[in-house]
1. Sort out which residues of segment 103-121 are assigned to a helix (DSSP H, G or I) and crowded, with 18+ Cβ neighbours inside 10 Å, and write them in order of number.
2. Filter segment 16-36 down to residues that are surrounded by fewer than 22 Cβ atoms within 10 Å (Cβ to Cβ) and under 18 Å from residue 123 (Cβ atoms), then give me how many there are.
């Protein structure tokens, strides 16, 4: 959970600076990668929510791929995949943390799309938002949060 919250905080901080599109994209890539890895590990442990974690992992992989196409993504981004994050025993708590990260992705990428000057960056951000929303819908225990 610490990794999830750390990346969420970094993503929000990067989004506060409208001139740091590369920072938002880099952190968004890391966030999608983390969601992908954690969902795969949670899916191995989850009996009743295997499908939600599996579909969320797929959405995260798609979002990560879309961010990779953004022209302003720093060239060193995406060098390491499958971050080794610990998965707490409480899968509901993990799902809530991932849903919160997905909401932050949705907010920050939507914002970045409005101030990105390059159409490729705009498209990457806008398209990745769709997958962040899907992750949130799949994993949120309380969709209102």
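Computed from the coordinates by the stated procedures, all read-outs in this text should not be read as laboratory data. All values derive from a computational prediction rather than experimental measurement. Counting neighbours? That spans all protein chains shown, and the Cβs are built from the backbone with ideal geometry, glycine included.
1. 104, 105, 106, 108, 109, 112, 113, 121
2. Total meeting the criteria: 1.
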